[in-house]
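Below: one structure, written as structure tokens.
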Amino acid sequence: MHDLIHRPRRLRRRAPLRALVRETQLAREDFVLPFFVCTGEGVRREVPSMPGVHNLSVDRVVREAADAFELGIQAVLLFGLPESKDETATGAYAENGIVQQAIRAIRRAVPEMIIVADTCLCEYTSHGHCGVIREGEVLNDETLSLLARTAISQAEAGADIIAPSAMMDGQVAAIREGLDDSGFDHVPIMSYAVKYASAFYGPFREAADSAPAFGDRRAYQMDAGNAREAMREAELDYAEGADMLMVKPALPYLDILKAVRDRFDLPLAAYHVSGEYAMIKAAAERGWIDEERVMMETLTGIKRAGADIIITYYAREAVKAIKKY
Ligand code: PBG
């Protein structure tokens, strides 16, 4: 076998050589760390299905945001657990709503932090759906004005990026118009353009107390089998003025991520969701896998498939591990 010309192994012999030719590198700027903000003071309640993830009161979320910033994380994504819920999700757009309070407090304590506000109603509705309900149906157009109101109140509180996740048709256009009319034409929209109806959101619904009281979200979130439809969703959001696109979940949809990457030139985010996180945690707790290596391999795969931005509950651990890989 002395006549082999190509020997790919030549470049794999030592770690520095492998690093030299590595095509995809994770960087701390890639990550967005989600937080679940709850009422009260001094609250830090672990989510049972998401070890290492907590419901945090505003004072605590400020502390954790500051610590994350120290580590090199420059963006957080906020979800809220309001004091009370109602039919029209009043807590989502209340001037002193839980997320609005958290935005102001983080802005004050960590001015440089990029604050992304998730814009949806499901954490704030008594029925847990992402929009207004009539006769068991989630109404599209009636929901749009509430989403726009929510986005405006988040921008007023100081959010840097609005991230609509309700999967209502026309939500990007409605939010863009609302923001522009209120003097926030400089605030970008990161659209959850391609969001599948996924069982991988299970642990999140425990964390955010947002499981639908009846039915499921299949009448507004996407069907797992559809790839061409993902292009249409992305196209619409692009046309409606989205500044960034997102695909969610990440790992089971890497083909979609790649296809969106190839077709659109907007910055692209991938959401490594709660169930993806929980699976790694659970297997690692049993000693079945090496948590850090599986985490890094997963996040590298998401970036390699085309994500510029990765939203993950592992952001802190990933940033710490980057030096070693
Ligand atoms: C709100 C929203 C959800 C997630 C992000 N925004 C839940 C859902 O659609 O049911 C899921 C995130 C995760 O699982 O980590 N609509």
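Taken together, the values in this text are just the output of simple stated rules run on the coordinates, not laboratory data. Here the structure is a predicted model, which is why all the values come from computation and not from measurement. Virtual Cβ from ideal backbone geometry, glycine too; neighbours counted across all protein chains shown.
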>> Of the residues 202, 183, only one is surrounded by fewer than 24 Cβ atoms within 10 Å (Cβ to Cβ) and on the phi > 0 side of the Ramachandran plot; which?
In response: 183
>> Looking at segment 36-59 only, could you name the residues that are of a type outside the set (A, V, I, L, M) and crowded, with 21+ Cβ neighbours inside 10 Å?
In response: 36, 38, 55, 57
> If you take the residues in segment 67-87 that are part of a helix (DSSP H, G or I) and surrounded by fewer than 14 Cβ atoms within 10 Å (Cβ to Cβ), which one is farthest from the ligand (Cβ to nearest atom)?
Replying inline: 70
> Of the residues in segment 128-148, how many are at negative phi and buried (at least 19 other Cβ atoms within 10 Å of the Cβ)?
Replying inline: 11
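Scan segment 290-316 residue by residue and report those that are within 16 Å of the ligand (Cβ to nearest atom) and part of a helix (DSSP H, G or I).
Answer for segment 290-316, where residues must be within 16 Å of the ligand (Cβ to nearest atom) and part of a helix (DSSP H, G or I): 295, 298, 299, 302, 315, 316.
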> Which one is surrounded by the fewest Cβ atoms within 10 Å (Cβ to Cβ), of the residues in segment 220-244 that are within 15 Å of the ligand (Cβ to nearest atom) and under 28 Å from residue 98 (Cα atoms)?
Replying inline: 220
>> Let me confirm something: among 243, 265, which residue is among the acidic types (Asp, Glu) and either without any contact (Cβ under 8 Å) to a residue 24 or more places away in the chain or under 26 Å from residue 66 (Cα atoms) (or both)?
In response: 265
> Of all residues in segment 224-257, which are over 25 Å from residue 313 (Cα atoms) and in a loop (DSSP other than H, G, I, E, B)?
Replying inline: 225, 226, 227, 240, 241
>> So, in segment 273-325, exactly how many residues are at positive phi and within 18 Å of the chain's Cα centre (by Cα)?
In response: 1
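Confirm whether residue 176 is of a type in the set (D, E, K, R), away from the ligand (no atom under 15 Å from the Cβ), over 26 Å from residue 207 (Cα atoms) and free of Cβ contacts under 8 Å to residues at least 12 places away in the same chain.
no
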> Looking at (1) crowded, with 20+ Cβ neighbours inside 10 Å; (2) away from the ligand (no atom under 13 Å from the Cβ); (3) touching a residue at least 40 places away in the same chain (Cβ under 8 Å); (4) farther than 24 Å from residue 112 by Cα, which is the only condition residue 189 fails?
Replying inline: (4)
>> I'd like to check something: does segment 25-35 contain any residue that is in contact with a Gly (Cβ under 6 Å, 6 or more places away or on another chain) and under 16 Å from residue 314 (Cα atoms)?
In response: yes
> From the set of residues in segment 297-316 that are among the charged types (D, E, K, R) and out of contact with any strand residue (DSSP E or B) (no Cβ under 8 Å at 6 or more places or on another chain), which is farthest from residue 68 (Cα to Cα)?
Replying inline: 304
